[in-house]
Amino acid sequence: VHVVDRVLQPVTQSLAQLIAQDEQFTTLESMLSKAGLLKQLAEPGHWTLFAFTDSAFQKLDANIRKRLTDADTCITNVVRHHLVPHTLCSAPIVTHATTLNLDGEPLSLERRPEDGKLFVNKVQIVAKDIMATNGIIHVVDDVLMPDSGQPLSHVLGAHNLTTFRSLLEEAGLSEALDSTSNVTLFVPSEEALSQPEAVAELDKRRGDPAALRDLLLFHSTGPAVKGCDLGSSRHELKSGLADHSLRLGYYSSWPF
């Protein structure tokens, strides 16, 4: 005999059904559908879904909300960030735990000792352990935003790359890049941009908006390129500046 703390009820609905029937998840349901994941959540499996509510979505900046409505790539990146490909109940989380989302990126879970409240990536879980036939739902009160789901200008600001962001705005490129979903930027650090030769070059180009724009475009390429895509060889990438290429050498820091 095992004594339990509640009456056991049979689970009859899938994650997709639970999301569809709850009016607070209309935005999440739409995004899951656009990302092609809603059908998967109707099939047998073992999932954990950190489900944001419509009110949580409305907390986002208006430009980000629009981007998540219009750009399929951003929608997919964001909803995959909320999915874990195994079932994760709240009870085993005593202090801290880490799990990986559908893209293999870490999600940090924490139970606050003073009140027992649960957080994922510092976002509070406001309802936990909602069981489905193919997984479990934890409701969060904010959207878990990966960098890949945000406009470039927001990502630059979040990583304190404010000088380069200001240069993009000055050159009239910020809005165009924010609306692009498949681009790579090679961004000089704040330290690099503060070097005397960099300051002199930027001062010279600021007097010629077209020249400043060309310099910044030379720091971009498309499509999106991740470090893990490069291997350990040399690559030549077409830059955002017409008829100019970027030569990229990628070297592993491992000693073997």
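Assessment of region 156-163 against the conditions (over 19 Å from residue 80 (Cβ atoms), in contact with a Ser or Thr (Cβ under 9 Å, 6 or more places away or on another chain), in the same structural domain as residue 24 (by TED's automatic domain parsing) and not in a loop (DSSP other than H, G, I, E, B)) yields no matching residue. Per the conditions (1) over 28 Å from residue 12 (Cβ atoms); (2) over 18 Å from the mean Cα position of the chain (by Cα); (3) modelled with pLDDT of 95 or more; (4) among the aliphatic types (A, V, I, L, M), the sole criterion not satisfied by residue 136 is (1).
The residues in region 164-187 that are over 16 Å from the mean Cα position of the chain (by Cα) and surrounded by fewer than 17 Cβ atoms within 10 Å (Cβ to Cβ) can be counted, and the count is 7. Quick check on residue 119: is it part of a helix (DSSP H, G or I), at pLDDT 90 or above and more than 20 Å from residue 29 (Cα to Cα)? No; evaluated as a whole, the condition is false for this residue. Scanning region 46-71 for residues that are out of contact with any helix residue (DSSP H, G or I) (no Cβ under 8 Å at 6 or more places or on another chain), among the small types (Gly, Ala, Ser) and at pLDDT 95 or above gives a single hit, 56. What's the total number of residues in region 131-155 that are closer than 26 Å to residue 68 by Cα and outside any loop (DSSP other than H, G, I, E, B)? Adding up the residues that qualify gives 13. For region 139-178, filtering for residues that are modelled with pLDDT of 90 or more and among the hydroxyl-bearing types (Ser, Thr, Tyr) leaves 3.
If the condition is being buried (at least 20 other Cβ atoms within 10 Å of the Cβ) and in contact with a Phe, Trp or Tyr (Cβ under 9 Å, 6 or more places away or on another chain), then region 140-163 contributes 140, 143, 156.
A single entry from 48, 26 fulfils the requirement of being more than 15 Å from residue 144 (Cβ to Cβ) and either β-branched (Val, Ile, Thr) or not assigned by TED's automatic domain parsing to the domain that holds residue 136 (or both): 26.
The values are calculated or read from the model by the stated rules, or taken from the named source; none is laboratory data. These numbers were taken from a predicted model, which means no experiment stands behind them. Don't worry about glycine lacking a Cβ; one is built from the backbone with ideal geometry, like all the others, and counts go over all protein chains shown.
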